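The values are calculated or read from the model by the stated rules, or taken from the named source; none is laboratory data. All of these numbers come straight from a predicted model, not from anything done at the bench. Neighbour counts run over all protein chains shown; Cβ positions are idealised from the backbone, glycine included.
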Amino acid sequence: MAQENKPAEAEAPAKSSKKKLIIIIAAVVLLAGGGGAAWYFMGAKADHKKEVKHEEVEAAPVFIPLETFTVNLQPDPDERFLQLDITMQVKSAEEGEKLKAQMPQIRSRLLMLLTSKQAAEISSAEGKQALTEEIITELKKPYTEKGKPQEILGVFFTSFVIQ
């Protein structure tokens, strides 16, 4: 009988050590998998942040504010005037410097355009949007005979008063 008890006792520690080994292996796999997933997702976020920062640096907007325009509008039936502040957005600081050198022509073009309008045409949101598009079209035209079109990205009204 003493011999029969020895094999039973030997099997019990073997089963116990196998369970411990399986638990340890499962824990290591779970930790490694969780750590790997965290590393993957954190690495993807970090790469995305680097890309966004890189794009922001390249695409920094350049704005050029213009002096206030005060013009008489076409009568409809009353005489009215428009007081307007405009800011242009250009592609680069270099383009901005080129446009600043052309400021008398820019102002002249805009004055001619603005004085051709009636108050009723530019009072609504749609009218202001149409005026924005006309201004961009006018400003993109070359300032010399053989010049290239200007790179105007946008025109923004910072003040718009009709009286």
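Numbers for the structure displayed
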{"quantity": "Those residues of region 76-104 which are under 14 Å from I152 (Cβ atoms) and assigned to a strand (DSSP E or B), in sequence order", "calculated": "I86, T87, M88, Q89, V90"}
{"quantity": "Filter pass, L110 being assigned to a helix (DSSP H, G or I) and under 24 Å from the mean Cα position of the chain (by Cα)", "calculated": "no"}
{"quantity": "Condition check for E138: closer than 30 Å to E79 by Cα, in contact with a helix residue (DSSP H, G or I) (Cβ under 6 Å, 6 or more places away or on another chain) and assigned to a helix (DSSP H, G or I)", "calculated": "yes"}
{"quantity": "Residue in region 51-71 that is at pLDDT below 75 and not in a helix (DSSP H, G or I) present", "calculated": "yes"}
{"quantity": "Flag for K98 being basic (K, R), in contact with an Asp or Glu (Cβ under 8 Å, 6 or more places away or on another chain), modelled with pLDDT of 60 or more and within 30 Å of L113 (Cα to Cα)", "calculated": "no"}
{"quantity": "Filter result (touching a Leu at 6+ places or on another chain (Cβ under 8 Å), under 21 Å from Q102 (Cβ atoms) and among the polar types (S, T, N, Q)) within region 145-163", "calculated": "Q150"}
{"quantity": "From Q74, Q83, residue being at pLDDT 95 or above and touching a strand residue (DSSP E or B) at 6+ places or on another chain (Cβ under 7 Å)", "calculated": "Q83"}
{"quantity": "Residues of region 122-150 satisfying the condition of being surrounded by 13 or more Cβ atoms within 10 Å (Cβ to Cβ) and in contact (Cβ under 8 Å) with a residue 12 or more places away in the chain", "calculated": "I122, S123, K128, L131, T132, E134, I135, I136, E138, L139, Y143, Q150"}
{"quantity": "Pair list, Cβ under 9 Å, 6 or more apart: region 67-94 residue closer than 26 Å to Q150 by Cβ and crowded, with 16+ Cβ neighbours inside 10 Å, other residue at pLDDT 95 or above and among the acidic types (D, E)", "calculated": "F69/D85"}
